[in-house]
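Peer 1: Just dropping this structure here.
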Amino acid sequence: MTRFLDLLALIGRALISACRTLGDVALFALAGASHLVRPGFPFRQFGRHFVEIGYFSLPVVALTALFTGMVLALQSFTGFSRFNAESAIASVVVLSVTRELGPVLAGLMVAGRIGAAMAAEIGTMRVTDQIDALTTLSTDPMKYLVAPRLLAATLAMPLLVVVADILGVFGGFLIGTVKLGFVPQIYLARTFDVLQTMDVVSGLVKAAVFGFLIALMGTWCGYNSKGGAQGVGQATTRAVVASSILILALDYVITEAFFSR
Amino acid sequence: MSDALKIRLRGLKKRFGDKVVLDGVDLDVRAGRSMVILGGSGSGKSVTIKCILGLIRPDEGLIEIDGRDVAKMSREERAAILDRTGMLFQNGALFDSLPVWENVCFKLLAQRRITRAAAREKAAEVLEQVGLAASVGDLSPAELSGGMQKRVALARAIAAQPDIIFFDEPTTGLDPIMGAVIDGLIVDCVKKLGATAFSITHDMASARRIGDDAAMIHKGRIVWTGPANALGDTGNAMVDQFARGEREGPIQMELRK
Ligand SMILES: Nc1ncnc2c1ncn2[C@@H]1O[C@H](COP(=O)(O)OP(=O)(O)OP(=O)(O)O)[C@@H](O)[C@H]1O
Ligand SMILES: [Mg+2]
């Protein structure tokens with residue numbers, strides 16, 4: 001009986017701490033986002049992060065999308081040829097890339113690149129008193145550090161995903177025409193026949209949400225890190241793990257919201 | 001100089017976990033004067049400053065600035081006080097993503113009191129005061145030696161001409177001559193700008209040079225206050241032992257738990 005109560009207490013404690021964390025993150029997000037509409041938004045910082053996220057992530061995201069599109073074409077060919085359904089390849093590639101793989105894979109790559117960098121930079125600032133220094137220098141750290149990163153990631157991710165969509169489809173096209181012997185015009189026609197605005201829009205909405213999550217987890221973990229280099233390391237790991245899991249979970253939720261009717 | 005109190009601490013307490021760091025600190029800092037705090041390593045000097053600045057929330061106790069209770073102030077009032085405050089952090093805490101000149105003029109830029117072009121010139125001017133060439137302004141903090149970083153941090157703390165300045169070990173890590181120069185600079189800030197200074201130091205010569213008043217903190221309490229020029233000959237066995245750096249005396253080295 002006491003065993004059972006211990007177990008209950010354990011579960012209860014975990015639940016309470018999970019709720020508290022969730023509340024903390026939500027308040028943090030609100031505080032950060034509120035500076036988007038308050039005076040004195042740091043545009044210079046925003047520009048720096050926007051370039052860092054949007055421009056310097058291009059190679060990683062582009063390569064990921066290209067190879068994913070290629071693999072997708074190849075894999076669906078080996079599968080579909082058993083049912084004489086090769087003609088569906090173009091539609092499979094374009095729908096999976098725009099709806100799912102573009103945003104999710106770009107999100108995961110950016111989480112590893114940017115989420116980690118944000119947590120490490122802000123975490124280092126925390127443990128070296130730089131965040132306290134900001135406060136004494138008439139600057140709200142939420143405004144200076146968090147708000148521009150949230151906005152930059154939210155705006156840059158959809159742009160990255162547009163590129164990922166194009167390159168993913170191109171990867172499929174490449175394999176389809178060069179290796180599998182489709183006629184280019186027919187492949188492209190099939191691609192654009194099935195593609196609807198909603199497919200692209202849902203992907204871009206996902207991208208914006210994922211971008212916000214990546215920046216939120218990166219800044220939150222960094223902001224709350226403590227205990228020197230080791231603490232910063234832990235914050236970095238936590239930021240990447242948390243944003244990756246959240247991306248996959250919210251991907252499901254958003255898909256459900258868009259396509260379950 | 002009036003006898004008005006700039007900072008008044010009463011019964012300030014702070015613990016981290018079950019380690020009591022501040023155990024009822026009472027301290028008065030008079031306006032336009034320079035107060036020096038002495039105390040062993042880990043005795044809570046930096047924590048005291050961070051409490052006054054509102055960077056650490058004390059568990060108990062009263063903090064008054066200009067006669068007003070900090071705990072009862074609105075956000076805006078606190079921000080207004082920080083606008084007139086300068087702080088030199090013990091480890092410098094320079095922003096390593098910004099060049100030195102932007103670090104130095106960060107507050108002026110944040111308050112929009114200066115344009116970016118003017119900030120460069122202003123930075124050169126302040127850097128010169130702390131004995132650094134204007135060309136240092138274009139370097140990043142990571143490219144500087146420890147002592148140079150300290151001086152840049154000092155420049156940043158005084159650039160906006162605050163009227164309360166906190167110095168957490170301003171001369172630690174500097175050579176003796178540079179230490180004396182910095183001490184002179186601190187004295188100038190107090191005398192010329194009429195600022196109130198609150199410094200932590202382990203260097204007795206420096207404490208006598210920059211301090212009007214001195215206080216010693218031990219085991220989370222202020223155990224002595226008096227004029228800084230009396231240090232070393234105060235009649236208080238603890239302070240004298242500390243000032244002379246003697247091994248034997250009322251203060252025994254304790255193993256930190
Ligand atoms: N954020 C914190 N979390 C936990 N403990 C802390 C924290 N900050 C300070 N302490 C503890 O408080 C005590 C006093 O720290 P403080 O930095 O004020 O010392 P100090 O008097 O400035 O010493 P020093 O002369 O070495 O700088 C130390 O024992 C330290 O371990
Ligand atoms: Mg200290």
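Peer 1: Please indicate, with yes or no, whether at least one residue in the stretch B:83-95 is more than 14 Å from chain A (Cβ to nearest Cβ) and on the phi > 0 side of the Ramachandran plot.
Peer 2: So far as the stretch B:83-95 goes, no, none of its residues is more than 14 Å from chain A (Cβ to nearest Cβ) and on the phi > 0 side of the Ramachandran plot.
Peer 1: When you look at residue A:32, is it open to solvent by less than 60 Å² (accessible area, probe 1.4 Å), part of a helix (DSSP H, G or I) and farther than 30 Å from residue B:153 by Cα, yes or no?
Peer 2: No.
Peer 1: Sticking with this one: Quickly run through the stretch B:43-67 and pick out the residues that are away from ligand 1 (no atom under 13 Å from the Cβ) and in contact with a Gly (Cβ under 9 Å, 6 or more places away or on another chain).
Peer 2: Across the stretch B:43-67, the qualifying residues are B:60, B:61, B:62, B:63.
Peer 1: Another question about this same structure. Looking at B:46, B:41, B:34 in this structure, which one is polar (S, T, N, Q) and away from ligand 2 (no atom under 16 Å from the Cβ)?
Peer 2: It is B:34.
Peer 1: So residue B:131 fits all but one of (1) in a helix (DSSP H, G or I); (2) away from every other protein chain (no Cβ under 14 Å); (3) open to solvent by less than 60 Å² (accessible area, probe 1.4 Å); what number is the exception?
Peer 2: Against the list (1) in a helix (DSSP H, G or I); (2) away from every other protein chain (no Cβ under 14 Å); (3) open to solvent by less than 60 Å² (accessible area, probe 1.4 Å), residue B:131 comes up short only on (1).
Peer 1: Here's another thing I want to ask about it. Please go through the stretch B:180-220 and pick out each residue that is part of a strand (DSSP E or B) and surrounded by 20 or more Cβ atoms within 10 Å (Cβ to Cβ).
Peer 2: B:196, B:197, B:198, B:199, B:200, B:214, B:215, B:216, B:217
Peer 1: Please report, ordered by residue number, the helices (runs of 4 or more DSSP H) entirely within the stretch B:1-115 with at least 3 residues that are closer than 26 Å to residue A:140 by Cα, outside the structural domain of residue B:151 (by TED's automatic domain parsing) and open to solvent by less than 40 Å² (accessible area, probe 1.4 Å).
Peer 2: In the stretch B:1-115, the matching helices (runs of 4 or more DSSP H) lie at B:45-53.
Peer 1: Let me ask something else. For the structure I just gave you, tell me whether residue B:165 is part of a helix (DSSP H, G or I) and either under 21 Å from residue B:6 (Cα atoms) or within 16 Å of ligand 2 (Cβ to nearest atom) (or both).
Peer 2: no
Peer 1: Based on what the data block shows, is residue B:40 at pLDDT below 90, within 15 Å of ligand 1 (Cβ to nearest atom) and not hydroxyl-bearing (Ser, Thr, Tyr)?
Peer 2: yes
Peer 1: Let me ask something additional. Looking for something surrounded by 15 or more Cβ atoms within 10 Å (Cβ to Cβ), modelled with pLDDT under 95 and of a type in the set (A, V, I, L, M, F, W, C) - is there at least one such residue anywhere in the stretch A:2-19?
Peer 2: no
Peer 1: Look at residue B:152 and say whether it is away from ligand 2 (no atom under 16 Å from the Cβ), open to solvent by 50 Å² or more (accessible area, probe 1.4 Å) and in a helix (DSSP H, G or I).
Peer 2: Against the criterion (away from ligand 2 (no atom under 16 Å from the Cβ), open to solvent by 50 Å² or more (accessible area, probe 1.4 Å) and in a helix (DSSP H, G or I)), residue B:152 does not qualify.
Peer 1: While we're looking at this one, here's another question. Mind counting the residues in the stretch B:116-127 that are of a type in the set (D, E, K, R), more than 13 Å from chain A (Cβ to nearest Cβ) and surrounded by fewer than 17 Cβ atoms within 10 Å (Cβ to Cβ)?
Peer 2: Result for the stretch B:116-127: 2.
Peer 1: May I pose another question? Enumerate the pairs (first residue in the stretch B:40-52 and farther than 23 Å from residue B:70 by Cα; second residue anywhere and open to solvent by less than 20 Å² (accessible area, probe 1.4 Å) and of a type in the set (Gly, Ala, Ser)) with beta-carbon separation below 9 Å, excluding pairs fewer than 6 apart on the same chain, so at least 6 apart or on different chains.
Peer 2: Pairs found: B:43/B:220.
Peer 1: Listed residues B:154, B:193, B:185; which is more than 16 Å from ligand 1 (Cβ to nearest atom), in contact (Cβ under 8 Å) with a residue 12 or more places away in the chain, closer than 17 Å to residue B:123 by Cβ and more than 14 Å from chain A (Cβ to nearest Cβ)?
Peer 2: B:185
The values are calculated or read from the model by the stated rules, or taken from the named source; none is laboratory data. These figures come from a predicted structure and were not determined experimentally. Backbone-built Cβ (ideal geometry, glycine too); neighbour counts: all protein chains shown. Keep in mind that these areas ignore ligands, DNA and RNA; they rest on the heavy atoms of the full protein, side chains included. Shrake-Rupley method; radii C 1.70, N 1.55, O 1.52, S 1.80 Å.
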